[in-house]
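Since the structure comes first, as C-alpha cells, the remarks are kept for the end.
The values are calculated or read from the model by the stated rules, or taken from the named source; none is laboratory data. Note that this is a predicted model, so its numbers are computed, not measured. Neighbour counts are summed over all protein chains in view; Cβ atoms, including those assigned to glycine, are modelled from backbone coordinates with ideal geometry.
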Amino acid sequence: MNIDSQAVHTGERKPLGRYIPVTTPIYTAASYIYNDIDDLDRVFGQELEGESYARYSNPNSTALEELLTQLEAGAGSLVTSSGMMAIHLAVNAALVDKCKSVVAANALYGATIGLLTRIVEPQGVAIRFTDFNDLDSLRKVIEEEKPGCLLMETISNPLLRVAEIDKIAQMARDAGAVLVVDSTFATPMLCRPMELGAHMVTHSLTKYISGHGDVLGGAVIADADHNQILHATSRTLGPVLGPFECYLASRGAKTYPLRFERQCRNAIQVAGFLENHPGVERIYFPADPKHPDAAIIARLFTPGMFGAIVSFELKRAANKQDVFRFMNALRMIVPATSLGDVHSMILYPLIASHRELSPKHRERMGIRDNLVRLSLGIEAADDVIADLDHALKSC
Ligand SMILES: *Cc1c(COP(=O)(O)O)cnc(C)c1O
C-alpha cells in the first residue's frame, strides 16, 4: 500500500464482539478482563497479544503503533507522552549493554541538547557533540569515544542541514553503536531512516503526524532488538500516550500525507518569495541549489519534496526588538512555538527552542540573532506570502 492508504487504514477496524467499529473507539479502561482467566494469564505472560493494564498499552496506542511501525518500516514502535520522552527512551534502549557514551550531532533541537547535558550526562553517560556533516571527523570521534549510541536529526533545527544517514548508520554498525534518528522534521514521506540503516527513529507526534496543534505525543520506531527493550522499559515506567491523545494523533495521522504534501508545496513557493525579498538577508531551505547539502538531499529525499520549514535571517533586524517588531506585525501566521500544524507558525529560536543555550553555543551552531523559523501550514501560499511581505516591510 502507498503511504496515503496506509495512513487511513492501518491499525483500524479491530472486531469488538459481533461488530467492527470503522475507527478505534477511545478506550478509557485501566484494566481488561477475559472470558477465561487463562487468556489473561497468557496476556500478562506476553504469550498472547492483548490488553491487560493501561500502563502497558491501550487499544488506542496499539492501533497508532501499528500505523507508525508501517510508516517508518520498523519492526515495532512505542508511542509516548512526548517527543522528548521518545528520545530519552530511545537513547536508554540504545545504551543497554553498551558503552555508556553518546556521540550527538552539534545541530539538535534545543531540548534534546538539554536532555543529554542535564539528564543523561549526570547519570554517568559521556556526551560528545560533533559535526555529523563532517564524516571524517565523525569517524575520528567514534574511534576515540567508542560510543554506544549516535544521535542525530534527519533535518536539523533550525538551519535545516541534512547529513548522510546511510553512511553514518554504516559507521555506527561497524563500531557496534546504535544510531537513533529524530525524524520529526522530515516525516516518513520525505525520508525513512530505518531503510537507510538506522536502528531507531523518533518523532514528536505533536508536529506533522498529529498536525492540528491540539495534542502532545511522541514515538519511537525500532528494529526488533530495541523494540523489545523499549516495551520492557515502558511497561515498568508507564511513559505511554493516553487513549485520548492516541485518538487525536490517529485521527490527525489519517490526513498527514495530504497535509504534508501541501505544506511542502507551500514551503517551495514561500522560500522562492523570501529568497528575492529585499528585507531578507538569507534563507535556509533544502530546495535551495546553494544549500551546503544539496547533493545529499537529492540522494536521500523523495524527489520534489523538501520539507515544510523555511528559516531565514531578517536583513534589517539588528537585535531582538527588531525581530519582535516583525513578529508582532504578522496578521495570520501564528507566532508560536511548535511546527507542523495546519496553520503556519513562526518561531524565534533565540527566545524559544534555543533559549537555554549560551550565546556562544548558539553562535557555534550558526544561529544568529536575526534568524526566524517558519513552519508552513496548509493555507493558500499567497496569503502566507502577503502576510510575510507586510510584516517584512514593518521591521
Ligand atoms: C518538538 C520536537 C521535539 C520534542 O517533542 P515534544 O513532543 O515537544 O516533546 C523533539 N525533536 C524535534 C525535532 C522537535 O521538533
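With GLU65, GLU72 as the choices, which residue is of a type in the set (D, E, K, R), under 23 Å from THR236 (Cβ atoms) and modelled with pLDDT of 95 or more? Of the residues listed, the single one that is of a type in the set (D, E, K, R), under 23 Å from THR236 (Cβ atoms) and modelled with pLDDT of 95 or more is GLU65. When LEU230 is tested against (1) buried (at least 21 other Cβ atoms within 10 Å of the Cβ); (2) within 16 Å of the chain's Cα centre (by Cα), exactly one condition is not met: (2). Looking only at residues of the range 106-150 that are closer than 19 Å to HIS199 by Cβ and within 11 Å of the ligand (Cβ to nearest atom), we find that the one that is modelled with the lowest pLDDT is LEU108. When GLY217, GLY213, GLY197 are checked against the criterion of being touching a helix residue (DSSP H, G or I) at 6+ places or on another chain (Cβ under 9 Å) and more than 11 Å from the ligand (Cβ to nearest atom), GLY197 stands alone in meeting it.
Residues being free of Cβ contacts under 8 Å to residues at least 40 places away in the same chain, surrounded by fewer than 24 Cβ atoms within 10 Å (Cβ to Cβ), closer than 22 Å to ALA90 by Cβ and touching a strand residue (DSSP E or B) at 6+ places or on another chain (Cβ under 7 Å): count how many of those fall in the range 131-168.
So in the range 131-168, the residues free of Cβ contacts under 8 Å to residues at least 40 places away in the same chain come out as 131-132, 134-144, 154, 167-168.
Those still in the list that are surrounded by fewer than 24 Cβ atoms within 10 Å (Cβ to Cβ) too: 131, 134-144, 167.
The next check asks that each one be closer than 22 Å to ALA90 by Cβ; those that pass are 131, 138, 141-142, 167.
After this cut, where a residue has to be touching a strand residue (DSSP E or B) at 6+ places or on another chain (Cβ under 7 Å) as well, the list is 138, 141-142.
Final tally of qualifying residues: 3.
Selection of the range 369-395 for residues being out of contact with any helix residue (DSSP H, G or I) (no Cβ under 8 Å at 6 or more places or on another chain) and either within 15 Å of PHE324 (Cα to Cα) or assigned to a helix (DSSP H, G or I) (or both) yields LEU371, ARG373, ASP382, ASP383, ALA386, ASP387, HIS390, LYS393.
Which members of the range 69-88 meet the condition of being within 13 Å of the chain's Cα centre (by Cα), of a type in the set (Ser, Thr, Tyr) and more than 10 Å from the ligand (Cβ to nearest atom)? Answer for the range 69-88, where residues must be within 13 Å of the chain's Cα centre (by Cα), of a type in the set (Ser, Thr, Tyr) and more than 10 Å from the ligand (Cβ to nearest atom): there is none. Return yes or no: is THR23 at pLDDT below 95 and of a type in the set (Ser, Thr, Tyr)? Yes. In the range 89-110, the residue that is farthest from the chain's Cα centre (by Cα) out of those that are more than 10 Å from ASN157 (Cβ to Cβ) and part of a helix (DSSP H, G or I) is LEU95.
Determine, yes or no, whether THR69 is surrounded by 14 or more Cβ atoms within 10 Å (Cβ to Cβ) and free of Cβ contacts under 8 Å to residues at least 12 places away in the same chain. Here the answer is no, as THR69 does not meet what is asked.
Regarding the range 323-339, can at least one residue be identified that is within 16 Å of the ligand (Cβ to nearest atom), closer than 28 Å to GLY218 by Cβ and surrounded by 19 or more Cβ atoms within 10 Å (Cβ to Cβ)? Yes: the range 323-339 contains one or more residues that are within 16 Å of the ligand (Cβ to nearest atom), closer than 28 Å to GLY218 by Cβ and surrounded by 19 or more Cβ atoms within 10 Å (Cβ to Cβ). Scanning for something modelled with pLDDT of 95 or more, farther than 18 Å from ALA271 by Cβ and among the small types (Gly, Ala, Ser), does the range 353-367 turn up at least one residue? Within the range 353-367, not a single residue is modelled with pLDDT of 95 or more, farther than 18 Å from ALA271 by Cβ and among the small types (Gly, Ala, Ser). Filtering the range 16-56 to residues that are assigned to a helix (DSSP H, G or I) and either surrounded by 16 or more Cβ atoms within 10 Å (Cβ to Cβ) or among the charged types (D, E, K, R) (or both) leaves ASP38, ASP39, LEU40, ASP41, ARG42, VAL43. In the range 284-299, the residues that are of a type in the set (Ser, Thr, Tyr) form Cβ pairs under 7 Å with partners that are surrounded by 14 or more Cβ atoms within 10 Å (Cβ to Cβ) and not in a loop (DSSP other than H, G, I, E, B), at six or more places apart or across chains, as follows: TYR284/SER311; TYR284/PHE312.
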